[in-house]
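Let me begin by presenting the structure, written as structure tokens, before commenting on it.
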């Protein structure tokens, strides 16, 4: 199989994108990568459309911008190779148009839309597009399992930016805070940061060094197809935060994304001094956050629950780190007691037992990995998606 792998690769820290890319490359007898950040790659992709056996568009093309999908929609002549299109960051935002995203995907017309959302939600979200919808949750990464008894450096470890207010869902933020406070109250070693990110190797080293980590299901309970639900928010920003109302696809944003991380950070800091910031990164205080949430009338617009498993959960499984999670479905992959311990606001006997018995924690983490490893690797996900083309 001659595979064309389409992405937008710039200086980011999202290891799951590399995991998917690696699995697809391993599946092909011949592959070529096309980075839409570079115009010449787009021209090269167009020139090779008749040679490729399969085109796979990774999450980065749609995750934070519609501009890359716009470039992809201009390609013509895809008569030979089928396309699998992954969608990244499948949540609704007042600063990135869902309607535009859906329209562009419809123009591209992939044979398969690979969605991370629960199938009931994804089939509704993309129902007006004539593509086949397939569930494609993240997988267990290709990383070597190390004996966790020898490398644990802290009791509770966590890295992750706080969920933004416009998800209308504060579960993860509340769970991380509550479990962190609980471990601290027991005088345990807690290593949590809401501002630091790691590259792939740093991330897995960090997870292996933590006995426990904490989270909830990813995403939001409020997935909308309509942009109109956000009109009151957009008006509010223009009136109250005019220079913080820069949308994801505003002029110059695609150029900013291409910059090296250090330079990008400097540019954002300078802009902040002038009172200019990207709206999706705006962090209101608790009072204003409630004002913003109250402006969103969820009862007027049809929506679906988009809560699902994320790469964070399966990275923890691969690293031998036992997870404390808010109750949820986790895309039907993780099961309470077998793969994680529930946190529902109060300590439980099972949690106390695990805290007091490190050997038990290690054994449960090892068992969790063994029960999931065979059918839930990224390679297994890719094999299943290829099977859906037949």
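Computed quantities for the displayed model
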{"read-out": "Some residue of the range 293-316 being outside any loop (DSSP other than H, G, I, E, B), modelled with pLDDT of 95 or more, over 24 Å from residue 125 (Cβ atoms) and in contact with a strand residue (DSSP E or B) (Cβ under 7 Å, 6 or more places away or on another chain)", "value": "yes"}
{"read-out": "Count of the range 321-348 residues which are in a loop (DSSP other than H, G, I, E, B) and more than 21 Å from the chain's Cα centre (by Cα)", "value": "8"}
{"read-out": "Among the candidates 17, 72, 3, residue that is within 26 Å of the chain's Cα centre (by Cα), modelled with pLDDT of 95 or more and not in a loop (DSSP other than H, G, I, E, B)", "value": "3"}
{"read-out": "Residues that are part of a strand (DSSP E or B) and exposed (fewer than 15 other Cβ atoms within 10 Å of the Cβ), drawn from the range 20-48", "value": "30"}
{"read-out": "Complete set of residues in the range 357-370 that are out of contact with any helix residue (DSSP H, G or I) (no Cβ under 8 Å at 6 or more places or on another chain) and under 9 Å from residue 339 (Cα atoms)", "value": "367"}
{"read-out": "Residue check for residue 105: outside any helix (DSSP H, G or I), at pLDDT 95 or above and in contact with a helix residue (DSSP H, G or I) (Cβ under 8 Å, 6 or more places away or on another chain)", "value": "no"}
{"read-out": "Test: residue 213 is farther than 16 Å from residue 92 by Cβ, at pLDDT 95 or above and in contact with a strand residue (DSSP E or B) (Cβ under 9 Å, 6 or more places away or on another chain)", "value": "yes"}
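The values are calculated or read from the model by the stated rules, or taken from the named source; none is laboratory data. From a predicted model like this one, the values you see are computed outputs, not experimental measurements. Cβ sites come from the backbone with ideal geometry, for glycine too, and all protein chains shown count toward neighbours.
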